[in-house]
Amino acid sequence: MTKSPGTQVESLAVAGKRRDRILPPARYRHPGDLIRLIIAGLALAVALAVTVATRATYAGASAAAVTALASSSLPGRVLAGLVQAIFVIAAAAALAVTLRYRRFRLLVSLAGGALLASAALIGIVQLAGGERPRALDAGASQWSWLTGASLAGPALLAAAVAGTVAAAPWLSRPWRRTAWITLWLAAAARLITGTASPVEVAVAFAAGVMVGAGVLVLFGVPDRRIGPGGVLAALVSAGVPVARVEPAAVEAKGSRPFIAAAEDGESLFIKVLGSDQRDADLLYRAYRFIRLRDIGDTRPAASLVQAVEHQARAAVMAERAGVAVPAVRQVIKTADGSVLLAMDRVNGSSLDQIPVQSTSDITLRDLWKQVDRLHQARIAHRSLRAANIMVDRAGRPWIVDFSFSELGATQRQMALDVAELLTSLAAVFGADRAVGSAAAIIGPEGVADAVPLLQPLALSAGTRRAIARNNGLLARTRAAAAAASEREAQDLARIQRVRPRTLLAIAAAAGAFYYLLPQLAHVGSSWQAVQSADWAWLPLVIALSALTYLASAVALMGAVVPRIRLWPTVLAQAASSFINRVSPANVGGMALNARYLQKSGVEPSAGVAAVGVNSLAGAIVHLILIVVFFSWSGRGLAKAFKLPSGSKLLLILAVVVAIAGILLATRPGRRFAAGKLVPGLKSAAGSLRRVAQRPGKMFMLFGGSVLITLAYIGALAASVRAFGGGPGVILVGAVYLGAAAIAAAAPSPGGLGAIEAALVAGLTGVGVQAGPAVSAVLLYRVATYWLPVAPGWLSWRALLRREFI
């Protein structure tokens, strides 16, 4: 007989008695607030960098967008006064409500967040020079403080945004929607009356969201998550007869665990997942994607319901394969948006909580049998550690928690499972016992695949904490696994995508160079040219930048004999540009293209040769265009590039030939020439010969290379035109070709720093003023180097998803 939702509900006091809680039981920290804090912080950092570099936060907003609503007119004053009144009324209402309900802590957090956001905006304005343009000040001095525009400056707007974000968890959905609509309308009113600039509004919103989210992360939000009573009601309404529900006194990552006592006497284990677990999962996966590579992670589920359904499906398939897993009862959706996963409860303890002497070798071998069955079904657990192994009273191990599991798993993902479990067991039972039990069941081959992955970055945070208590444990586990695999010691797999210090070094170098570039060019106020730029040229610059990827795809298609598809090849070129941002001399992009060709059906050796032929064709085209453009330019390049005389060129050529002859006369030089140089040239020549047999392929190869260079020249010429024009396309093309040749020798990714300096020097040499030259080069580099980073990353993800690389 099913009881009504009013059945007795027992809630353990264990959760409320935890002494290590920083927040009171009524509050908790929502991971979504941390995500908003990070995104807003990044946006504010970009705005701050632009502000510091340009010394202006008001560029481009010197007049009202709608003349009839200018701040000097009566409608403009009325609109500005209405905005002021709304802000004052909202602040008074927040003060009254918090005092009425004695929410003093909330009042302090709202006031502190508002003051901090205002201070941040004032600081940014001071970095920008501390003065507002006359058009903005003209509107700020109209009428009184309440009806004029002076009150609702960027500081007050940021304070209002911060207060709205910090108060949002205490507001109902209609009031939250009303507050945000009001803020956006107030910002729009400031823009159309000409009393605020777009950059000013963007910085205010970014600072307000960051500070408001920071307040929520620091002090927490009201805990309105579903409790035992709600879980009980949801189970009963779904037809699961239970008598009582209580929180489970166990550690559960990614969910809130409960225990339900069924009417038939059996116990159910209930996992409750809400928006907080969903946001935490997204944050964790984003961190792993940015930091690591080839770790077997796939995209997160599209929704919370799909994530829970995936867990249930994986558990059911594992049970069908003969793996000891708790039987799944039901997936239940609740009214507050949470999702419940009900399953049988294993009456026992997790493996890491059982005394070592109480665990027999039979239990460990039985565990590895379960893992072997799981992997034979092509299922990877992806969190296979001792905490997720339950041992019942009979000593039988059960595998639980399929939150990160993968169906149709790859060999790499299953090897990561083995590495995780080996290390986790070693932390409990020692390296020799853990490896011995594994080798006895999965054999030397199964252990060998995990040896290169026995490293901290491949392990979960819980396992890393466990092995950190025992110095040298991981090294001993790796040595024991290598010995059991009956293979020679293997190098560790490289799973770190980009070292943080590499990204910081690139960002610091780029920021420092772009900040110092005007000073290096002896320009005191080059950024003033930005305000007078003709931005109608910007779409053309971006379009020509995009054209280079299409042309690069055509050139690569012409370098191979087999026919490959155009659109995936374009994606590969965009992805190559993304990879090249952190690898010098385009090495990363060349490797990605070789891998793409191999996955497209081209023989590996032919693919590598095709990439080399493509690079060779690009170099030939560049040299030919240098001769053509330099010849057309005539004496116009005399000041931009000082070329040596003919006799000096012959002398330089003779020295180069002599050095090459000396190197070839030595044994290492001959070995290098015979082992790498000559075979590479023969391979490239053979590929070029095969391509030459097809005129269409030759046209695509060299035509694409020509189009790439001409598109870059056109983008630079359009950037120069945007800042007042100057020399013709021929001179600009010659400057670009010369600067690109100089920057090719730079060890930095994409010639960062070298090509900017060479372009500025070349443009000033052909008659462009220093200020417009610096601005034009920076616009060109933003459009052709930095702006394609995001599309390149998306292209790289698309290629991975479709298994093109």
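The values are calculated or read from the model by the stated rules, or taken from the named source; none is laboratory data. Computed from a prediction, not measured in an experiment: that's the story for all the values here. Cβ coordinates were reconstructed from backbone atoms using ideal geometry, including for glycine residues, and neighbour counts include every protein chain displayed. Accessible surface areas use protein heavy atoms only, side chains included; no ligands, DNA or RNA. Shrake-Rupley method; radii C 1.70, N 1.55, O 1.52, S 1.80 Å.
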List every residue whose amide H lies under 5 Å from the amide H of Ala324, counting only residues 5 or more places away in sequence or on a different chain, with H placed 1.01 Å from N in the peptide plane. Ile399
Under a crude label model (7 Å from the Cα following the beta-carbon direction), how far is Leu794 from Ala741 in nanometres? 3.8 nm
Near-label residues of segment 207-222 by backbone N, under 11 Å of a point 7 Å along Cα→Cβ of Arg177: none
Roughly to the nearest percent, how much of the accessible area of segment 332-464 is carbon and sulfur, given a 1.4 Å probe? 47 percent
Accessible area per residue, Å², segment 351-399 with all protein chains present, probe 1.4 Å: 47 Å²
Considering only protein heavy atoms, with the full assembly of protein chains and a 1.4 angstrom probe, order Glu756, Glu246 by accessible area, largest first. Glu246, Glu756
Under the rule of at least 5 residues apart or a separate chain, name every residue whose amide H is placed under 5 Å from the amide H of Lys333. Leu340
Given a 1.4 Å probe and the protein chains all in place, what does the accessible area of Arg476 round to, in Å² to the nearest 10? 110 Å²
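Taking the square root of 5 times each eigenvalue of the Cα gyration tensor, what semi-axes in Å does the equivalent ellipsoid of segment 147-276 have, largest first?
Details: eigenvalues 446, 42, 19 Å².
Gyration-tensor ellipsoid for segment 147-276: 47, 14, 10 Å.
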With viscosity set to 0.692 mPa s at 37 °C, what whole-number translational diffusion coefficient in µm²/s follows for segment 353-412 from Stokes-Einstein and a Kirkwood radius over Cα pairs? 267 µm²/s
Count the net charge of all other residues whose Cβ sits under 11 Å from the Cβ of Ala324, scoring Lys and Arg as +1 and Asp and Glu as -1. 0
Within segment 396-434, what residues put their amide N at less than 18 Å from the label point 7 Å along the Cα-to-Cβ vector of Glu266? 398-401
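What order do you get for 730-738, 333-341 when each peptide is scored by the mean count of other beta carbon atoms within 10 Å, highest first?
Values: 730-738: 25.4, 333-341: 18.0.
Those peptides, ordered most packed to least, come out 730-738, 333-341.
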Can you tell me which of 416-429, 215-228 comes out highest on packing, and rank the rest after it, using the mean Cβ neighbours within 10 Å? 416-429, 215-228
Stokes-Einstein D in µm²/s, Kirkwood radius over Cα pairs - segment 585-630 at 10 °C with 1.306 mPa s viscosity: 138 µm²/s
Name the long-range amide H neighbours of Ala243: under 5 Å, sequence gap of 5 or more, or other chain; modelled H, no Pro or chain starts. Ala261, Ala262, Glu263
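Report the net charge of residues surrounding Arg373, where surrounding means a beta-carbon distance below 15 angstrom and charges are Lys +1, Arg +1, Asp -1, Glu -1. Present the calculation step by step, with values, prior to reporting the outcome.
Values: positive: Arg320, Arg365, Lys369, Arg378, Arg396; negative: Glu319, Asp366, Asp372, Asp417.
Summing Lys/Arg as +1 and Asp/Glu as -1 gives +1.
If I stretch the segment between Ile122 and Leu185 completely, what's the gain in nm (0.36 nm per residue apart, minus their alpha carbon distance), one decimal?
Working: separation 63, 0.36 × 63 = 22.68 nm, distance 2.25 nm.
So the extension gain works out to 20.4 nm.
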Can you check what the net charge comes to around Val428, using other residues whose Cβ is under 12 Å from the Cβ of Val428 (Lys, Arg +1; Asp, Glu -1)? +2
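Tell me, in nm to one decimal, what length is gained between Ile624 and Leu566 on full extension, where the rule is 0.36 nm per residue of separation less the Cα-Cα distance? Before the final figure, lay out the partial values.
Working: separation 58, 0.36 × 58 = 20.88 nm, distance 2.70 nm.
The span from Ile624 to Leu566 would gain 18.2 nm if fully extended.
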